[in-house]
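Input: a single structure, listed below in structure tokens.
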2 protein chains.
Amino acid sequence: MVSMTGSLPPLNPEEEAVVRALARAILVVPRALDADLSREQRMSLNEYSALQHLSEAPGRQMRMSELAAACDLSLSGMTRIVSRLEQPGYIVRERCVEDARGWNAVLTDAGLTRLEQAYPTQLASVRRHIVDHLEGLDLRQLATALQNLATTGICANHPDDGRVPPAPPNGPDDNRRAAPANGRATGLAANS
Amino acid sequence: MVSMTGSLPPLNPEEEAVVRALARAILVVPRALDADLSREQRMSLNEYSALQHLSEAPGRQMRMSELAAACDLSLSGMTRIVSRLEQPGYIVRERCVEDARGWNAVLTDAGLTRLEQAYPTQLASVRRHIVDHLEGLDLRQLATALQNLATTGICANHPDDGRVPPAPPNGPDDNRRAAPANGRATGLAANS
DNA sequence: GCGATTTTATTGCTTTGTCAAGCAACCGAG
DNA sequence: CTCGGTTGCTTGACAAAGCAATAAAATCGC
């Protein structure tokens, strides 16, 4: 009696199990990684992610908006993370030459060192919390599937579906972005 | 410095791809689900999760700590969510009879109705963002793997390293809930 | 060239959640 | 029975991240 609307069929038991397991995983995994990194390296997962993406970028630098997209973070969130990383000198901001509105976040040598220092912790953590549990799965297939999760254009679920049950909307205001360029290929660490 | 500890081998390319894809998914998927629910139902994912777990519990009630564990949330976080859900009358708190320190969060009829109202949105969202992208995978195997992610009893990676680890005082705690009783019709799907 | 619009990044405010401290009720030893 | 310690939950202080508003620079139309 939940149905109505177009009433999609409910999930079958196997789908249900996957969804429940995934629902748990998306809550627990990032916390576990973040906790390890915080404890052993005094660094948040987002900070690590920022350093990592920079280390893989050509010239070890990226525009703020690029970096935010790469880290799946809002621009304002990225501003704050870069500011945080700037204080110990892991990153410097440089004005963008071809567009003076923009800034490049540039990974310094100190920042690269810091990343390399944190890398073993992250690697161990990733192995322990994730990779070690994937035995027997077809990794290529899995990677493909995971890449596609939540890539649907935004919401626009079915544009109208008629509800807005409890309260009137103020404004959906979706800020979702498209897929990140993701040109960079590899490592968690930098080859420089 | 930090490395040592036998320095694990880096990930192979396939593992790397999975980890990167998963890293993205764990950031993006919850936001997508939450955004849909917020937009169409004015309800956060955690609120939905709380209602859902209660709906499946015997007597439509759970102790605060149980519920927090089920939702993978801190106890204080759960206190706040239950308080929020109490205001519109979706939940009531009742003192626990066999231990007067404890409280049961009880799902009211209004709360159940609310959950059923939100269910189609959640179902569509879950299909669109998750299930639709899992074609071709062995779902049973995948569910098993996902259930095991981040289950390692806390870190204890390498304890030392000269820092001041503020001692993660909380143990793993491991209050994982077994398979959902699923008595209620409204799980994420739980057709009943 | 000069205003109007658009893009890029930062800042203020708010929400949400965690941690630490606190209060109340339970439990076991004497 | 009562006193020390523990457990279950709530509250206060704080941190992180998002959205809205803003500033600054670019770009377009004329």
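The values are calculated or read from the model by the stated rules, or taken from the named source; none is laboratory data. Just so you know, these numbers come straight off a predicted model, no measurement behind them. Quick reminder, even Gly has a Cβ in these numbers, built from the backbone with ideal geometry, and neighbours come from all protein chains shown.
Quick notes on this structure:
- Selection of first residues in the range A:121-142 that are more than 7 Å from chain B (Cβ to nearest Cβ) and of second residues that are aromatic (Phe, Trp, Tyr) and crowded, with 21+ Cβ neighbours inside 10 Å, restricted to Cβ pairs under 7 Å at least 6 apart or on distinct chains, gives the following pairs, ordered by first then second residue: A:GLN122/A:TYR48.
- Of the residues making up the range A:100-118, those that are buried (at least 18 other Cβ atoms within 10 Å of the Cβ), assigned to a helix (DSSP H, G or I) and either touching a Gly at 6+ places or on another chain (Cβ under 9 Å) or more than 8 Å from every other protein chain (Cβ to nearest Cβ) (or both) are A:GLY111, A:LEU112, A:ARG114, A:LEU115.
- When restricted to residues that are surrounded by fewer than 17 Cβ atoms within 10 Å (Cβ to Cβ), within 11 Å of DNA strand D (Cβ to nearest atom) and within 26 Å of A:PRO30 (Cβ to Cβ), the range B:80-99 contains 2.
- Only residues that are outside any helix (DSSP H, G or I) and within 11 Å of DNA strand D (Cβ to nearest atom) were counted in the range B:56-65, giving 3.
- Of all residue pairs spaced 6 or more apart or on separate chains, those with beta-carbon atoms under 6 Å, a first member in the range B:63-81 that is within 11 Å of chain A (Cβ to nearest Cβ) and a second member that is part of a helix (DSSP H, G or I) and more than 6 Å from DNA strand D (Cβ to nearest atom) are B:ALA70/B:HIS53; B:CYS71/B:SER49; B:CYS71/B:ALA50; B:ASP72/A:LEU27; B:ASP72/A:VAL28.
- Any hit, the range A:24-36, residues being within 11 Å of DNA strand C (Cβ to nearest atom) and more than 9 Å from every other protein chain (Cβ to nearest Cβ): yes
- All positions within the range B:46-57 that are more than 12 Å from DNA strand C (Cβ to nearest atom) and away from chain A (no Cβ under 12 Å): B:LEU51, B:LEU54, B:ALA57
- Test: residue in the range B:73-95 that is more than 14 Å from DNA strand C (Cβ to nearest atom) and in a loop (DSSP other than H, G, I, E, B): yes
- Taken as a whole, the structure leaves B:ALA68 outside the set of residues that are at pLDDT below 95, within 13 Å of DNA strand D (Cβ to nearest atom) and farther than 20 Å from B:TYR119 by Cα.
- Hits in the range A:58-72 (condition: touching a strand residue (DSSP E or B) at 6+ places or on another chain (Cβ under 8 Å) and more than 9 Å from DNA strand C (Cβ to nearest atom)): A:GLY59, A:ARG60, A:GLN61, A:ALA70
- Qualifying residue in the range A:89-104 (condition: among the small types (Gly, Ala, Ser) and within 27 Å of B:VAL19 (Cβ to Cβ)): no
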